[in-house]
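Report on the following structure.
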Amino acid sequence: MFCGSCLRDNSLASALLDQKHDVVLVPLYTPTRTDVTNVSGKRVFFGGISIYLAERYPLFRKLPRFLAKLWDSPAVIAAVSGKGVTVDPAQLGALTVSTLEGPEGPQRAEFEKLVEWLRTESAPDIITLPYTLLIALAKPLKEATGRPVVCSLQGEELFLEGLPEPYRSRALGLIRAMVKDVDGFIAVSEYCARHMSEYLQIPPKKIRVVPLGIRLEGHAPRAPRAGSSFSVGYLARIAPEKGLHLLAEAYRALRQKTQGQQASLQVAGYLAPEHKGYLAAIEQKMHAWGLSGEFRYHGEVTREQKLSFLQTIDVLSVPCTYDEPKGLFVLEAMASGVPVVQTRRGAFPEMVETTGGGLLVEPDSAQALAEAFEQLWENRQYAAQLAARGYAAVQENYSVETMAARTAEAYKYFASQSSTSFM
């Protein structure tokens with residue numbers, strides 16, 4: 001799928017390269033999939049098939065490496081994962097703990113392969129991990145290179161909280177014990193920094209905040225729409241925690257006050273196999289409410305399709321039922337001149353209040369969402385003002401180039417704290 005973390009990391013690496021830094025982006029588990037030029041390497045470490053077999057069947061931990069190359073092939077991994085592999089944390093507890101146990105656990109061979117490869121490369125000035133689920137890499141990579149290791153914080157707590165016991169407690173304990181092995185953490189929002197400092201017991205002084213940035217090419221202010229029709233948009237994974245069911249209820253409440261006028265609920269995003277029933281239930285409700293003709297699911301969209309999709313909606317809302325630390329979709333909507341309506345939780349308050357590009361409403365309230373939509377429907381001039389503010393703010397403060405420059409500064413800071421030169 002198009003993963004928000006992969007999109008962010010690939011865009012960051014690409015922008016750092018454009019700014020003349022030397023960057024190597026190494027895929028783990030599966031080949032990365034992005035909606036822009038992919039700058040990651042071809043070789044996949046910790047291949048998803050290998051780590052599954054090593055965790056599930058002890059025999060596979062001792063097989064010759066030339067055999068593992070067969071299923072470590074990016075083409076094989078992509079073919080298998082493309083058939084709808086679940087990413088439900090409820091089914092991945094043992095594998096998560098297996099990886100966090102590091103070189104002393106079932107994945108020892110995978111750690112050794114990565115370390116051996118890294119020793120053949122020119123020593124980097126700094127190594128960065130995408131999230132704390134891979135924090136077990138910090139110590140062996142530092143020992144192999146003598147260089148500092150930093151780690152991004154970008155939403156892994158949702159996965160950790162979804163793990164069943166005893167895996168959840170075991171995973172949290174392992175991560176907290178390895179915080180000392182990381183020289184610094186980069187959080188994607190102020191909320192993320194505060195929450196993860198407490199959740200993972202990270203000293204606040206070890207965290208720097210670098211807000212998200214997006215590629216602005218292709219984004220343009222939404223063209224004025226003729227007529228009085230109104231389109232509510234959703235652009236995110238189709239999953240209960242993202243709140244599409246709540247948005248559908250809000251849309252129903254909106255339509256009870258706007259009968260006889262044209263409107264639609266437009267939805268786009270990746271649908272995992274385990275959530276097909278969830279979407280089907282929403283579609284059934286829309287049908288029962290007499291609104292099936294106004295509901296359209298566009299499927300997972302490419303970058304070009306996403307840009308076109310944003311031009312067709314009047315407001316975007318992804319009413320997450322958890323404290324979302326990122327919210328790339330908020331920036332993408334604003335970059336296309338679309339105001340947002342978001343719940344007052346997670347990183348959304350700082351994003352909306354900083355940009356002025358939308359409205360904040362009470363969490364978990366379909367009625368509050370509906371009232372905000374009605375306000376924007378009835379006052380198109382106000383909606384246009386919000387859109388203009390959001391567009392200007394994203395252009396000025398949330399480009400991928402700005403994110404890359406701030407990240408490089410954070411890398412230099414953490415490297416200097418570790419008495420290691422950077423560049």
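The values are calculated or read from the model by the stated rules, or taken from the named source; none is laboratory data. Here the structure is a predicted model, which means the values were calculated and not measured. Cβ coordinates were reconstructed from backbone atoms using ideal geometry, including for glycine residues, and neighbour counts include every protein chain displayed.
Selection over the stretch 29-56 of residues that are closer than 29 Å to Phe329 by Cα, acidic (Asp, Glu) and assigned to a helix (DSSP H, G or I) gives a count of 0. Screening Ala368, Ala405, Ala415 for residues that are farther than 22 Å from Gln19 by Cβ, surrounded by fewer than 22 Cβ atoms within 10 Å (Cβ to Cβ) and either at pLDDT 95 or above or aliphatic (A, V, I, L, M) (or both) leaves exactly one candidate, Ala368. Being surrounded by 17 or more Cβ atoms within 10 Å (Cβ to Cβ), touching a residue at least 60 places away in the same chain (Cβ under 8 Å), more than 23 Å from Leu158 (Cβ to Cβ) and in the same structural domain as Arg43 (by TED's automatic domain parsing), is that true of even one residue in the stretch 127-143? No, the stretch 127-143 has no match at all.
Here the condition is being touching a His at 6+ places or on another chain (Cβ under 8 Å), buried (at least 23 other Cβ atoms within 10 Å of the Cβ) and not hydroxyl-bearing (Ser, Thr, Tyr); of Pro325, Pro339, it holds for Pro325 alone.
Take His195 and decide whether it is crowded, with 18+ Cβ neighbours inside 10 Å, touching a helix residue (DSSP H, G or I) at 6+ places or on another chain (Cβ under 8 Å) and not assigned by TED's automatic domain parsing to the domain that holds Glu156.
Details: crowded, with 18+ Cβ neighbours inside 10 Å: yes; touching a helix residue (DSSP H, G or I) at 6+ places or on another chain (Cβ under 8 Å): yes; not assigned by TED's automatic domain parsing to the domain that holds Glu156: no.
Answer is no for this residue.
Of all residues in the stretch 252-284, count the ones that are among the charged types (D, E, K, R), farther than 25 Å from Arg225 by Cβ and free of Cβ contacts under 8 Å to residues at least 40 places away in the same chain. So the count comes out to 2. Scanning the stretch 183-198 for residues that are closer than 13 Å to Glu350 by Cα and either hydroxyl-bearing (Ser, Thr, Tyr) or under 17 Å from the mean Cα position of the chain (by Cα) (or both) yields Val188, Ser189, Glu190, Tyr191, Cys192, Ala193. Has the stretch 205-226 got at least one residue that is outside the structural domain of Lys326 (by TED's automatic domain parsing), without any contact (Cβ under 8 Å) to a residue 24 or more places away in the chain and closer than 30 Å to Thr132 by Cα? Yes, the conditions are met somewhere in the stretch 205-226.
Residues in the stretch 375-416 that are in contact with a Lys or Arg (Cβ under 6 Å, 6 or more places away or on another chain) and charged (D, E, K, R): 0 in all.
Listed here are the residues, each with its yes/no results for (1) over 20 Å from Thr312 (Cβ atoms); (2) over 24 Å from the mean Cα position of the chain (by Cα).
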| site | (1), (2) |
| --- | --- |
| Val361 | yes, no |
| Leu369 | no, no |
| Leu376 | no, yes |
| Tyr382 | yes, yes |
| Arg389 | yes, yes |
| Glu396 | yes, no |
| Ala404 | yes, no |
| Ala408 | yes, no |
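Please determine, by comparing only the residues of the stretch 144-163 that are more than 22 Å from the chain's Cα centre (by Cα) and assigned to a loop (DSSP other than H, G, I, E, B), which one is surrounded by the fewest Cβ atoms within 10 Å (Cβ to Cβ).
Gly146
The single condition from (1) crowded, with 16+ Cβ neighbours inside 10 Å; (2) without any contact (Cβ under 8 Å) to a residue 60 or more places away in the chain; (3) touching an Asp or Glu at 6+ places or on another chain (Cβ under 7 Å) that Arg344 fails is (1). When residues in the stretch 255-272 are screened for being in contact with a strand residue (DSSP E or B) (Cβ under 7 Å, 6 or more places away or on another chain) and closer than 17 Å to Gln367 by Cα, 2 of them pass. Counting only residues that are under 30 Å from His219 (Cα atoms) and either surrounded by fewer than 16 Cβ atoms within 10 Å (Cβ to Cβ) or touching an Asp or Glu at 6+ places or on another chain (Cβ under 7 Å) (or both), the stretch 247-270 holds 8 of them. Tell me, which residue of the stretch 108-126 that is free of Cβ contacts under 8 Å to residues at least 60 places away in the same chain and in contact with a Leu (Cβ under 8 Å, 6 or more places away or on another chain) is surrounded by the most Cβ atoms within 10 Å (Cβ to Cβ)? Going through the qualifying residues, I end up with Phe111. Looking across the stretch 176-192 at every residue that is among the aliphatic types (A, V, I, L, M) and surrounded by fewer than 20 Cβ atoms within 10 Å (Cβ to Cβ), the one that is farthest from Ser152 (Cα to Cα) is identified as Ala177. Here Val330 qualifies as within 19 Å of Gly155 (Cβ to Cβ) and crowded, with 16+ Cβ neighbours inside 10 Å.
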